[in-house]
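Structure record follows, encoded as structure tokens.
The values are calculated or read from the model by the stated rules, or taken from the named source; none is laboratory data. Fair warning: this is a prediction, and the values are worked out from it, not measured in the lab. Neighbour counts are summed over all protein chains in view; Cβ atoms, including those assigned to glycine, are modelled from backbone coordinates with ideal geometry. Keep in mind that these areas ignore ligands, DNA and RNA; they rest on the heavy atoms of the full protein, side chains included. Shrake-Rupley method; radii C 1.70, N 1.55, O 1.52, S 1.80 Å.
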Amino acid sequence: MPADRALADDFDLTRLPESFYDDPYPTYRALRELAPVKRLADGGVFLSRYADVVAVYKDTATFSSDKHEEFFPKYGASPLFEHHTTSLVFNDPPLHTRVRRLIAGALTPRHVAAMEPRLIERVDGLLDAIAARGRGAAIDLVGAFASAIPVEIIGNLLAVPKEERAPLRDWSLAILGALEPVLGEAERERGNRAVREFCLYLEGLVARRRAAPGDPEVDVLTRLIAGEGGESLSAAELLHNCIFLLNAGHETTTNLIGNGLACLLEWPEQKARLIAEPALVKSAVEEFLRFESSNQLGNRITTGATEIGGVALAPRTSVTIGIGAANRDPEAFADPDRLDIGRMPNRHVAFGSGIHQCVGMGLARLEGRVAIGRFLARFPDYCLAAPPVRARRARFRGHSRLLVVADPVLPASTPLETSS
Ligand code: HEM
């Protein structure tokens, strides 16, 4: 189709049209069909097919996560550069392996299961607060619900005192916002300031934790400070990986919850199905992750000459992994543009794949299940109060505002029908 041809030809991550932020999927479809290894203006490529994406994730020798070379022109010598190039996700082994081992040890399925009671308590507290606003009241699901849950959970993981958590979300948004394909001067400054303030805060927290260590079984900060098997992190590695951990679990999980609840409003028969069969929440969360992946893009760089999907790549080629595009590939998912909360199998790549696959995925899934499942059980009739507002971000897909009425006043006819 000529329209698809234009979408594929014109695709440029640095000049995305407004319509892309609302709905990137027609562009992803055009790319998969017409230019699955799309050459970008900066010499890099964008991958949109599932098979190519998985192949890149698996081949860590050829497709490196190290970002020193790529980020220097973007950030210069700055706090943002130091932060992003020191975090485990943007490094290869051995730094990656050392940090990952320390974090993963505190996020085993056993540890995640132990977090459930406090999570339920927090979610129910938020639901009580929403109910207290009264029937018919409009609330922003992102601000009043979705974003409040991960702040609490990751705060608990690093044992950040409750009264000190307020700035975490804004720091996180500013630092991750600086990863967008295009970065304005204001965003760069905001990101750098956030890294500086975050480091300063964490230096104090680390000093306090060194003086009074927590339980290394559950307190990730104590684990990271102590190290393991004779290996420990440098001061900078420690701070930046704590920041990364706090960031990694915030916006992504907020968006999983917001995207999931918004999807159900767009697909009322799936909403009714989930209300009728609450046990489906597990597969529903997988489907929300696939259908509206909260992290849409990944990045790698080639370490040598190679080939992907039949296209030759020179050494040092920047590769953008289209997670959201791969998750809608009809070669991997039947009827991919249909939301099916019972979809099985559902081998999406929303958490990536291979050695960097999300360490927090068990926790994110638990947060998604508890938040979405309990919200729906409490407010089955929730509905939109205004059109959802998408955050203008290509990498992290979510809403900046999702105004709903949680407990609407039902039409006048309903009580008569039920009472008769
Ligand atoms: C819906 C929520 C989440 C999504 C969609 C998500 C997505 C991802 C993706 C795609 C990666 C791989 C990046 C790459 O290979 O380049 C990743 C890595 C990572 N995630 Fe998540 N994440 C989520 C929640 C969390 C949470 C809650 C935590 C922490 C508690 C977390 C911690 C991490 C860490 C530490 C890594 C780096 C792993 C490594 O490099 O080995 N994530 N995440």
Margin query: Show me the trypsin sites (Lys or Arg not before Pro) within the range 267-370 that DSSP assigns to loop and that have at most 15 other Cβ atoms within 10 Å of their Cβ.
Written below: ARG316, ARG338, ARG347
Notebook entry, point to check: When the scattering of the range 248-318 is computed by the Debye formula from its Cα atoms alone, each counted once and equally, what is log10 I(q)/I(0) at q = 0.11, 0.18, 0.22, 0.27 Å⁻¹?
Noted result: -0.46, -0.73, -0.90, -1.17
Checklist line | Per residue accessible area in Å² of the chain, where ligands, DNA and RNA are left out and the probe is 1.4 Å | finding: 42
Next item on the list: Averaging over all projection directions, find the projected area of the Cα convex hull of the range 341-406 and quote it in nm² with one decimal place.
Entry: 6.2
Next item on the list: Please list, or write none, the lysines whose alpha carbon is within less than 30 Å of the alpha carbon of LYS271, excluding same-chain residues fewer than 8 places away.
Entry: LYS282
Next item on the list: Sort out for me the Cα centre separation of the range 195-268 from the range 31-84, rounded to whole Å.
Entry: 24
Item checked: Stokes-Einstein translational diffusion, the chain - Kirkwood Rh over all Cα pairs, 1.306 mPa s, 10 °C, in µm²/s -> 71
Note to self: Suppose we flag GluC sites (Glu not before Pro) only when DSSP calls them loop and at most 16 other Cβ atoms lie within 10 Å. Which is the longest uninterrupted stretch of the chain?
What the structure shows: 1-216
Next item on the list: Could you check which residue among ALA30, ALA394, ALA314 shows the biggest mean-square fluctuation in a GNM of the chain with a 10 Å Cα cutoff?
Entry: ALA314
Notebook entry, point to check: So what's the net charge close to SER283: Lys and Arg +1, Asp and Glu -1, counting the other residues with Cβ under 12 Å from its Cβ?
Noted result: +2
Next item on the list: For the chain, with a Gaussian network of springs between Cα atoms less than 10 Å apart, report the residue from LEU80, LEU256, LEU173 with the top mean-square fluctuation.
Entry: LEU173
Next item on the list: Return P(r) of the range 57-121 (all Cα-Cα pairs; 5 Å bins starting at 0; whole %; ordered from short to long distances).
Entry: 3, 15, 17, 16, 14, 12, 10, 8, 3, 0
Check: Among ALA166, ALA325, ALA51, which one moves the most in a GNM of the chain with springs linking Cα atoms closer than 10 Å?
Finding: ALA166
Notebook entry, point to check: Straight-line reach from LYS67: which lysines have a Cα under 19 Å away, not including same-chain ones fewer than 8 places off?
Noted result: LYS58
Margin query: Considering only protein heavy atoms and a probe of 1.4 Å, how much of the accessible area of the range 121-177 is carbon and sulfur, as a whole percent?
Written below: 53
Notebook entry, point to check: Given H placed 1.01 Å from N in the peptide plane, which residues other than close sequence neighbours of ASN299 have an amide H under 5 Å from its amide H?
Noted result: ILE321
Next item on the list: Assign one of three labels to the range 286-402, namely rounded, prolate or oblate, based on the Cα gyration tensor with a ≥ b ≥ c the square roots of its eigenvalues; rounded applies when a/c is under 1.5, prolate when it is not and a/b is larger than b/c, and oblate otherwise.
Entry: prolate
